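These notes concern the structure reproduced below.
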Amino acid sequence: MVLTIKTDSPYQVVIENGVLDRVGKIAAKNKRPGAKAMVVSETNVFPLYGERLKTSLAAAGFEVFAFVFPAGEPSKQISTVCEIYRALAENGFTRSDFIVTLGGGVTGDMGGFAAATFLRGISFLQVPTTLLAQVDASVGGKTGVDLPFGKNLVGAFHQPMAVAADPQTLTTLSERYFRDGMGEVIKYACISDRDLFQKLESGTALENLEELTGRCVACKKTFVEEDTRDTGSRMILNFGHTFGHALEKLHGFQGISHGEAVGIGMILAAQAGERMGVTAPGTTEKLRGVLEKYRLPTEDGFSHEEIIRATALDKKTMGDTLNFILLEEIGKSRICPIPLEKLPSLLP
Ligand SMILES: NC(=O)c1ccc[n+]([C@@H]2O[C@H](COP(=O)([O-])OP(=O)(O)OC[C@H]3O[C@@H](n4cnc5c(N)ncnc54)[C@H](O)[C@@H]3O)[C@@H](O)[C@H]2O)c1
Ligand SMILES: [Zn+2]
């Protein structure tokens, strides 16, 4: 399946089993033979898929280099980006050359940020290998790194020249990270794909990962195209994330995964929506059923009061009003501005 994301510089997202071995051909649509390719990857993923990727790039006539960093979120920082710059500079990379990110969201965000900033911007191609990165992080052009005092505080919008998502790479992903990505998959179904929600309910959604990923990317595509710089309608993609971020913060970003926090956040948003009369009655229960089916939690030890307090401190609040994403029903969502002081009455 191939989807074209029509942003300022349009690009293709190719979602196909085995596409890992065709990355060279995809890159050759944009880059001349002889160009240099820096594979940016990490210590878990590179040993699994690095050689196949390098072989594919070399077969297409590129001069291939690799930079491999220690796997994990702690590496997603400026000092690692500096090491990537060094590898690029030492090997004489110019603006005709490019980066290929091979890994999860950490690799894509950081390799993309290096590409966005080296020589004021060189091309990059994303090869996402986690469910989260395939359905979410690799599409939309957001790149960046963490600072010691906050996540994703430095970054740039930089669209990749292409994304090559190979669902077969997910076979080596741990159950924990697969589940994490399912939080986002369920989110897409809730906000705009009722049919996908039904497939999740019936348990058939995982039979065809190409289709599953394709549906999620198609959903993200519509919002990204409407609002490339994330100033308006793209906010819908934050369904479940307002309370979700608050929960992650309360947990000190440890002990709860992003997908788990978003799952609980979606339940709270659905409950609030039902209380407000915006969300169809029974929606929360349907959502709870699907989250449980994919072994995601639906509640947490923190009280509503604590969650609301942490929400009020979240960066996405604009003054005293919160732009809240609510479902009208499964598959249909909207942005609802809610005054902060009203929150306690919505989550009693
Ligand atoms: N740019 C965006 O729009 C966007 C959106 C959502 C999340 N993110 C970012 O993405 C990051 C989280 O992404 P993630 O969950 O993919 O994290 P990750 O890159 O750390 O990958 C998760 C784990 O899975 C391992 N792994 C990856 N692919 C594998 C494979 N195929 N087989 C075996 N192991 C594999 C990794 O080594 C790591 O241990 C966060 O930093 C977040 O801020 C960015
Ligand atoms: Zn998310």
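Hey, among the residues in the stretch 70-120 that are in contact with a strand residue (DSSP E or B) (Cβ under 6 Å, 6 or more places away or on another chain) and without any contact (Cβ under 8 Å) to a residue 40 or more places away in the chain, which one's surrounded by the most Cβ atoms within 10 Å (Cβ to Cβ)?
GLY108
Answer with yes or no whether GLY265 is within 15 Å of ligand 1 (Cβ to nearest atom), buried (at least 22 other Cβ atoms within 10 Å of the Cβ), more than 14 Å from the chain's Cα centre (by Cα) and without any contact (Cβ under 8 Å) to a residue 24 or more places away in the chain.
No: the conditions fail for GLY265.
Does the stretch 341-348 contain at least one residue that is in a loop (DSSP other than H, G, I, E, B) and in contact with a Pro (Cβ under 9 Å, 6 or more places away or on another chain)?
No; the residues of the stretch 341-348 include none that is in a loop (DSSP other than H, G, I, E, B) and in contact with a Pro (Cβ under 9 Å, 6 or more places away or on another chain).
What strands (runs of 3 or more DSSP E), lying completely within the stretch 95-185, carry at least 2 residues that are more than 10 Å from ligand 1 (Cβ to nearest atom)?
Working: elements: 98-103, 123-128, 142-147, 150-157, 162-165.
Fully inside the stretch 95-185 and qualifying: 98-103, 123-128, 150-157, 162-165.
When both residues are 6+ apart or on different chains and their Cβ atoms are under 6 Å apart, which pairs have a first residue that lies in the stretch 33-45 and is more than 16 Å from PRO74 (Cβ to Cβ), and a second that is part of a strand (DSSP E or B) and of a type in the set (D, E, K, R)?
Within 6 Å, the pairs are LYS36/GLU63.
Those residues that are within 16 Å of ligand 2 (Cβ to nearest atom) and either of a type in the set (Lys, Arg) or modelled with pLDDT of 95 or more (or both), I need them from the stretch 142-175; list them, please.
Once the filter is applied, which keeps residues that are within 16 Å of ligand 2 (Cβ to nearest atom) and either of a type in the set (Lys, Arg) or modelled with pLDDT of 95 or more (or both), the stretch 142-175 yields LYS142, THR143, GLY144, ASP146, LYS151, GLY155.
From ALA66, ALA89, grab the single residue that is in a helix (DSSP H, G or I), more than 13 Å from ligand 1 (Cβ to nearest atom) and at pLDDT 95 or above.
Checking each option against the conditions leaves just ALA89.
Name, by its number, the condition in (1) touching a residue at least 12 places away in the same chain (Cβ under 8 Å); (2) crowded, with 16+ Cβ neighbours inside 10 Å; (3) not in a strand (DSSP E or B) that does not hold for GLU306.
(2)
Under 6 Å between Cβ atoms, which residue pairs at least 6 apart in sequence (or on different chains) link something in the stretch 211-238 that is under 14 Å from VAL135 (Cα atoms) with a partner that is of a type in the set (Phe, Trp, Tyr)?
Within 6 Å, the pairs are CYS216/TYR188; CYS219/TYR188; LEU237/PHE223.
The values are calculated or read from the model by the stated rules, or taken from the named source; none is laboratory data. On a predicted model such as this, the values are computed, not experimentally measured, just so you know. Cβ coordinates were reconstructed from backbone atoms using ideal geometry, including for glycine residues, and neighbour counts include every protein chain displayed.
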